[in-house]
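Beneath this line is the structure, given in C-alpha cells, with notes to follow.
Readers should treat all values here as calculations from the given coordinates under stated rules, not as data from a laboratory. Keep in mind the model is a prediction, meaning the values are calculated, not measured. Positions of Cβ are backbone-derived with ideal geometry, glycine not excepted, and every protein chain shown enters the neighbour counts.
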Amino acid sequence: MTAEAATAEQVTLNLYPVPKTPNKMAIISPMLDRALSLQVVTKEDVDVARAFGKEINAMIKVVVEDFRPTKQAIDASKKVVLQQENNHLEPLEKAKTIVSQKIGAWDTAERNRIAEEARLRQQEEERRRQAALETARKKLDTLMAGMTENQGAVKTLENMLGNPATTAEEAEIIRSQIRTLQSKIESTIERAQAVEMKVEEVNQPVLQPDVINIKTATGVNQEKAITGIKTRLLVKYLASPDCTLDPESIVKWNEGQIKKLINSGMNLPGVAWEYRSKTRF
C-alpha cells in the first residue's frame, strides 16, 4: 500500500470508525510463511501438506466465526440505513416517473399533431398540384387542337396553290394566308412547349415532410430503448464476416453454466478446457 493510499484509508477510518475486530495475525502470518517454504516432493510430503491444509481450514473457520458477530452487526446497521435511504428515494423516484410519463405523453401527442399537420399540408399540396396539372393539360389540348386546325387549313391552301385554275392574284393571297397560318403554328408550338415544361414541373411528386423537423420540434429528446433481443440472430450476426464489432464487447458469458456443461461431458465449440487438480483437505 502506498503512503497516499494509507493516508486516504486513515482519513476514511477517522470519518467512519470501524468496530473493533479480533486480531490473529500473529498466528496467521507464520502459517503463510510455512506455506511458502513448504516442499512437496514425495508422497509423504503430500500427506504432510494435506494435514497442514486442514490446519489452514480450521483457522479459516476460527476467523470467520470471530468476525461473524461484527459482520452481522454491520449488516443489520447497513440494512437499516439502506431502508431509510429507500424510504427517502422511493417517493422521489415515483414522482420522477410520474413527471417523465406526463412529459412523454405530451411529447407523443405533440409529435402526432405535427405529423398530422404535415400530412394535411402534403395532402393539400397534392390537391393543388393535381388541379394545376389538369389546367395545364386542358390548355395544352386546346393549343394542340388549334394547331391541328391551322395545319389542316395550310394543307388545303397548299392544294389550292397547286390547282391550275388558281389565278396569280389568288395565289398571292393564298401564300399570304399560309404564312400567317404557319406563324400561328410556330407560335402555338412555342406555347405548347412552355406548357409541357410547366406540366413536367407540376408533375413532380410532392416531397415528404422533413422527418428531422418532427424529431426536434417538441424540444424533448428521444433515445432508443431496447424492447427485445433475439439471441440466436444476434449471435449469428456476431459470428458472421459482416460483423465489425468485437463480440466480447457486448457478450458476457455465464462461465458457471458453461463449466457445468463441460463437466457433464459436453464439448462446446469455441470453449477450450483442461484437467486441473482439485485438492481437498
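Just one of (1) 37.9; (2) 24.9; (3) 16.8 is mean projected area of the Cα convex hull in nm² calculated from these coordinates, so which is it?
The listed entry that was calculated here is (1).
So if a site counts as exposed when it's one of the GluC sites (Glu not before Pro), its DSSP state isn't H, G, I, E or B, and it has at most 11 other Cβ atoms within 10 Å, what's the longest stretch of the chain without one?
Here the longest run is 1-222.
Once R0 is set to 51 Å, what does the formula 1/(1 + (r/R0)^6) return for the Cβ-Cβ distance between residue 107 and residue 67, expressed as a FRET efficiency to the nearest 0.05?
0.45
On C-alpha positions alone, give me the angle between the axis of helix 168-202 and the longest principal axis of the chain, in degrees, nearest 10.
10
Using label points projected 7 Å from each Cα along Cα→Cβ, tell me how many nm separate residue 34 and residue 161, to one decimal.
13.3
Shape call for the stretch 19-129 from the C-alpha gyration tensor, a ≥ b ≥ c root eigenvalues: rounded (a/c under 1.5), prolate (a/b greater than b/c) or oblate?
Values: a/c = 8.09, a/b = 2.75, b/c = 2.94.
Judged from the Cα gyration tensor, the stretch 19-129 comes out oblate (a/c at least 1.5, b/c at or above a/b).
Karplus couplings for the stretch 239-248 from phi (6.51 cos²θ - 1.76 cosθ + 1.60, θ = phi - 60°), rounded to Hz, Gly and Pro as x?
8, 7, x, 7, 6, 9, 9, 8, x, 5
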